Amino acid sequence: MSVNPRTCDPSQQASMSEASHRAGTSRKAVRLLRLFEDHLAIRYAPRTATDYMSTLRNLLDWLEGRGIALGEVRTADLQAYQAQLYALRKADGTPYSLGNQINRLAVVKGFFRFLCRRGYMLTDPSAPLEYPRREQRLPRGILTRDECRRLVEAPDTSTPLGLRDRAILETFYATGIRAGELAKLKCADVDTEDRIARIVLGKGAKDRNIPLTRAASEAIESYLLDGRPRMRGAQRTGLLFLALRGGKLHDSTLNEVVQSAASKAGIDKHVTCHALRHSIATHLLKGGADIRHIQVLLGHSSLRSTERYTHVEISDLAKVVRRAHPRGR
């Protein structure tokens, strides 16, 4: 009995997908994937490019499981794939976030747009696909200025680890740097005299220079003089901040540093590295900083990402309402 690959049930699709996977992707598809991979390597950081390729291989497996060649993909096929993305579940049964679904769809659209621009396809079947509307959630867990001060002063600076943690927290609060960007900082990237840190290949594979506060510069200098030389692996790597065993710090470890300091400081909020990033943006905005300067500091490619902090900081608006509203007093 023949089976229509576009209408077969999920169990049949799964068996066909396994068979196709064993047979391997077509030579043409492999060649196009390699071209796209080279394209990604130029534009994005290695980890981002790897994630993109993993998403594309999932798409190709899905297409092969339905007997659809890459050159025969129709918009209806990609719409069916998009519907499956929304139905995906994690190992614990919970759905993936909307942002995750949007990112997966963006990779698919980027791939077919690439094929069209390079002349490998006449039309883009992904063009009609629409992104789901993302919820405009405001940042949570923002700390007050006093809480930030207590947080960065929490580590015991009489130990090498305490000096490291103090320098990490001061750097987070001074710059709003991402956890992954901080973990990649090298000693040569930081100038404590001129108070400048250079972010090499940050998000979007972009470099940027950001200023350091006096407190951050002094904390980093103390760590370099009295803390880092006494840590394991200090002579083997140029990384600025070292893990306990001398290697690179992971995001989870950095979050543990922040959460431990918050606990010592008596802060009840759920504090993460990203919460410090939100906090500095809010504090700078309240202090009168231009939103475009905050955008450059945080490394946002779009001003829309920075503008959400204008909705967080409402203290001045509250004062206006109390002063001017008929029932505000």
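The figures follow:
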quantity	calculated
Entirely in segment 1-98, the helices (runs of 4 or more DSSP H) that have 3 or more residues that are under 22 Å from residue 114 (Cβ atoms) and modelled with pLDDT of 85 or more	27-43, 46-65, 75-87
Matching residues in segment 170-207 - criterion: being assigned to a loop (DSSP other than H, G, I, E, B), free of Cβ contacts under 8 Å to residues at least 24 places away in the same chain and under 20 Å from the mean Cα position of the chain (by Cα)	200, 207
Selected residue (criterion: nearest to residue 259 (Cα to Cα)) from residues of segment 153-172 that are among the hydroxyl-bearing types (Ser, Thr, Tyr) and surrounded by fewer than 24 Cβ atoms within 10 Å (Cβ to Cβ)	157
Odd one out for residue 285, checked against (1) touching a helix residue (DSSP H, G or I) at 6+ places or on another chain (Cβ under 9 Å); (2) modelled with pLDDT of 85 or more; (3) over 21 Å from residue 199 (Cα atoms)	(2)
Among the residues listed as 104, 113, 74, 66, the single one being of a type in the set (D, E, K, R), under 14 Å from residue 129 (Cα atoms) and surrounded by 15 or more Cβ atoms within 10 Å (Cβ to Cβ)	104
Selection from segment 99-121 of residues that are of a type outside the set (A, V, I, L, M) and not in a helix (DSSP H, G or I)	118, 119, 120
Single unsatisfied condition, residue 211 versus (1) within 22 Å of residue 275 (Cα to Cα); (2) of a type outside the set (Ser, Thr, Tyr); (3) surrounded by 14 or more Cβ atoms within 10 Å (Cβ to Cβ); (4) in contact with a helix residue (DSSP H, G or I) (Cβ under 9 Å, 6 or more places away or on another chain)	(3)
Long-range neighbours under 7 Å by Cβ, at least six apart or interchain, first residue of a type outside the set (D, E, K, R) within segment 106-125, second part of a loop (DSSP other than H, G, I, E, B) and surrounded by 14 or more Cβ atoms within 10 Å (Cβ to Cβ)	108/126; 112/121; 112/124; 112/125; 112/126; 115/121; 116/124; 125/73
Segment 191-217, subset closer than 14 Å to residue 168 by Cβ and out of contact with any Lys or Arg (no Cβ under 9 Å at 6 or more places or on another chain), residue modelled with the highest pLDDT	215
Among residues of segment 233-269, those that are closer than 19 Å to residue 184 by Cβ and among the charged types (D, E, K, R), counted	5
Answer from 210, 220 - the residue that is touching a strand residue (DSSP E or B) at 6+ places or on another chain (Cβ under 7 Å), touching a residue at least 40 places away in the same chain (Cβ under 8 Å), closer than 26 Å to residue 300 by Cβ and in a helix (DSSP H, G or I)	220
Residues that are farther than 22 Å from residue 195 by Cα, hydrophobic (A, V, I, L, M, F, W, C) and touching a residue at least 40 places away in the same chain (Cβ under 8 Å), drawn from segment 223-254	231, 244, 249, 254
Single residue of segment 262-274 satisfying the filter (under 19 Å from the mean Cα position of the chain (by Cα) and assigned to a helix (DSSP H, G or I)) that is surrounded by the most Cβ atoms within 10 Å (Cβ to Cβ)	273
Tally, over segment 275-289, of residues that are of a type in the set (D, E, K, R) and more than 24 Å from the chain's Cα centre (by Cα)	1
Filter result for the condition that a residue is among the small types (Gly, Ala, Ser) and assigned to a helix (DSSP H, G or I), over 154, 167	167
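The values are calculated or read from the model by the stated rules, or taken from the named source; none is laboratory data. Note that the structure is predicted; figures quoted are calculated from it, not measured. Positions of Cβ are backbone-derived with ideal geometry, glycine not excepted, and every protein chain shown enters the neighbour counts.
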